[in-house]
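For reference, the structure discussed in these notes is given below.
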Amino acid sequence: MAMVVGGMGAGDLAWWLGLVFGAAPLLCLAVWHSADAWYRAAFFLRHSGRRRLPPGHMGLPFLGETLSLLWHFKLARRPDAFIAGKRRAHGAGAGIYRTHLFGSPAVIVCTPAANKFVLQSADSFGVRWPMPELVGHTSVVNVEGASHARLRGFILAAINRPSSLQTISTVVQPRVVAALAAWADMGTIVAATEIKKVTFANICKMFISMEPSPLTCQIDRWFAGLVAGLRAFPLDFPGTAFHGARKCRRKLNAVFRQELEARRKVDKECDDLMSGLMHMEDEQGKKLSDEEVVDNIVSLVVAGYESTASAIMWATYHLAKSPVALAKLREENMALSESKAGSPLMITHDDLPKMKYTAKVVEETIRMANIAPMVHRVANKDVEYGGYMIPAGWSVLVWVRSLHTDPNFYHDPLTFNPDRWDEPAKPGTYQVFGGGYRICAGNMLARLQLTIMLHHLSIGYEWELLNPNAEIGYLPHPRPMDGAAMAF
Ligand code: HEM
């Protein structure tokens, strides 16, 4: 007589057990490998088996390895374990892995040589924005070839050459000095919030000569909406971040266009980025169009606002935890300050070569902050590298973060140690600003702003983290979860 368990025959039970312990795991395995098998088969057919895809795995259908990335960056808070896992599973090899991330088949590159290869091969790897309208069709970050070189020339002249940096240093310092005094009056601050405010006030002054007002607060909110959309999945219907970002972009275009037209009407000249871009001419005597001026101002704010604020926040955070480094920084800056007569003491671009230890703090802060963990490119054509083929149309993620946290390149890489910069970094291992023909156009401006803040902080103030062991979040940018709350 057949046994009956809870109304279920033994045959039924065996069937269910077989399903749970046999077929279901097999099904999961089949699903897990289906996307990888699909891409490999398509690649095999296209190249008749004569070429190899980089090692790796395409992850789940549609989602790829995005969940794994989110898990490492957001939940486990161990971002470097994502690449370490790939090295373990597929070998260090040429430092190139296939994957599927952010909705696209992709190749990750993560060695100095592979990164350099991608960043310097302008013909093979280009840029691709899901919705170029958000960054601006004529923005330096969106255009390629001769248009890119021309725009980049204008921007570098406006924000990266010594004479521009000298002007900028005189413009930003009064705001930095005033902000520090205000923080001391407040007693307790959330550094991330306060540093963002002063960074934005400086951007408004440097770029469009605007003083803080309800309009600049509104502009700040529109930028926040725009950046949220740039990071979101490109779903365009009411309620999505992407849709909101398009609206913000239109408002920003309108407000900057209005300012530009108002200046032209009264022939007004200002010592700021907008006027600089409006009046510059290339070798053929050609000026930028209004659209180019507006698109590039918006791009420069997007590229230079959160990144600079984040770097300054990390400097305050690490120095609060590194009394020896802070003492050395103070000593150098006090000596500089005492060597100058008069008050308030502003540093100039000419002082920078004397600020040797400060420069090391700046580089170490930016190395550890890893504000841009990866740089995005797309393969314009099939490209061979290290015995593998990167297929045309695939995303290429230049994982610069993994260089800066690799103990083979930086001894004890997760420790803040400005003295490591007594020796230059090994060639190709410091790519915080990307590299090649698109290397960050504002890298000297970012360094200058950090230097100015470090000078005024170290000569006049003391600060202490309220939660020195606060957890660190890594998305969208690395930051202590409490925003670096501190007694000031
Ligand atoms: C610590 C702060 C900063 C970091 C870590 C940073 C990092 C980067 C990185 C990784 C890139 C990509 C490079 C590439 O695609 O190869 C980039 C591009 C760029 N950055 Fe920065 N950046 C910072 C500050 C700034 C500032 C202050 C500005 C200007 C206001 C700026 C303007 C730009 C521009 C215009 C590009 C695009 C360059 C091009 O495509 O030719 N950045 N930045």
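Every read-out reported here was derived from the displayed coordinates using simple, explicitly stated rules and does not represent laboratory data. It should be emphasised that the depicted structure is a prediction, and the values quoted were computed from it without experimental measurement. Counting neighbours? That spans all protein chains shown, and the Cβs are built from the backbone with ideal geometry, glycine included.
If R₀ is 56 angstrom, what is the calculated FRET efficiency for the pair D422 and F21, using the beta carbon separation as r and rounding to 0.05?
Efficiency computed from Cβ-Cβ geometry: 0.40.
Compute the relative contact order of the chain as a whole-number percentage, counting only Cα pairs closer than 8 Å that sit 6 or more residues apart in sequence.
21 percent
May I ask for the distance between the Cα centers of segment 178-197 and segment 377-418, given as a whole number of Å?
If you average the Cα positions of each part, the centres end up 37 Å apart.
Enumerate lysine pairs in segment 274-394 that are 8 or more residues apart or on different chains, then count those whose Cα atoms are under 29 Å apart.
Eligible lysine pairs with Cα atoms under 29 Å apart amount to 10.
Taking the Cα centre as origin and putting +1 on Lys and Arg beta-carbons and -1 on Asp and Glu beta-carbons, what dipole magnitude results for segment 206-323, to the nearest 20 debye?
My answer is approximately 620 debye.
How large is the charge dipole for segment 358-456, taken about the Cα centre, if only the Cβ atoms of Lys, Arg (+1) and Asp, Glu (-1) carry charge, to the nearest 20 debye? Walk me through the numbers on the way to the answer.
Working: 9 positive and 9 negative charges, 68 e Å.
About 320 debye.
Between V127 and L75, what is the FRET efficiency for a Förster distance of 30 Å, r being their Cβ-Cβ separation, to the nearest 0.05?
0.50
What is the magnitude of the charge dipole of the chain about its Cα centre, with +1 placed on the Cβ of each Lys and Arg, -1 on the Cβ of each Asp and Glu, and no other charges, expressed in debye to the nearest 20?
1120 debye
Subtracting the Cα-Cα distance from 0.36 nm times the residue separation, let me have the gained length for V266 to A335 in nm, one decimal.
Between V266 and A335, full extension yields an extra 20.2 nm.
Based on DSSP H runs of at least 4 residues, each adding -39500 (n - 2.57), what is the mean residue ellipticity at 222 nm of the chain after dividing by all its residues, to the nearest 500 deg cm²/dmol?
So the calculated ellipticity at 222 nm is -17000 deg cm²/dmol.
Relative to the present Cα-Cα distance, how much length would full extension add between R161 and A92 at 0.36 nm per residue of separation?
20.9 nm
Which of H90, H100 comes first, and how do the rest follow, when ranked by fewest Cβ neighbours within 10 Å?
Placing the least packed residue first, the sequence is H90, H100.
May I ask you to list the trypsin sites (Lys or Arg not before Pro) in segment 288-376 that are in a DSSP loop and have at most 15 other Cβ atoms within 10 Å of their Cβ?
On the way: sites: K321, K328, R330, K340, K354, K356, K360, R367; in loops: K340.
When the trypsin sites (Lys or Arg not before Pro) of segment 288-376 are filtered for loop state and at most 15 Cβ neighbours within 10 Å, K340 remain.
Using 18 Å as the cut-off for backbone N distance, which residues of segment 118-137 belong to the label zone defined by a point 7 Å from the Cα of R257 along Cα→Cβ?
132-137, by backbone N distance to the label point.
Helix check for the chain. Which DSSP H runs span at least 30 Å along their own axis by Cα, with a mean Kyte-Doolittle hydropathy no less than 0.0?
In the chain, the long hydrophobic H runs are 24-47, 162-186, 290-321.
Can you list the aspartates and glutamates whose alpha carbon sits under 16 Å from that of K265, skipping same-chain ones fewer than 8 residues off?
D290
Order these peptides, 278-291, 106-119, 456-469, 253-266, by their mean beta-carbon neighbour count within 10 angstrom, highest first.
Final packing ranking: 106-119, 456-469, 253-266, 278-291.
Where does each of K426, K196 land when they are ranked from fewest to most other beta-carbon atoms within 10 angstrom?
Listed from fewest to most nearby Cβ atoms, that is K426, K196.
Over segment 242-313, what is the mean sequence separation of C-alpha contacts under 8 Å (at least six apart), divided by residue count, expressed as relative contact order in percent?
Once divided by the residue count of segment 242-313, the mean separation gives 26 percent.
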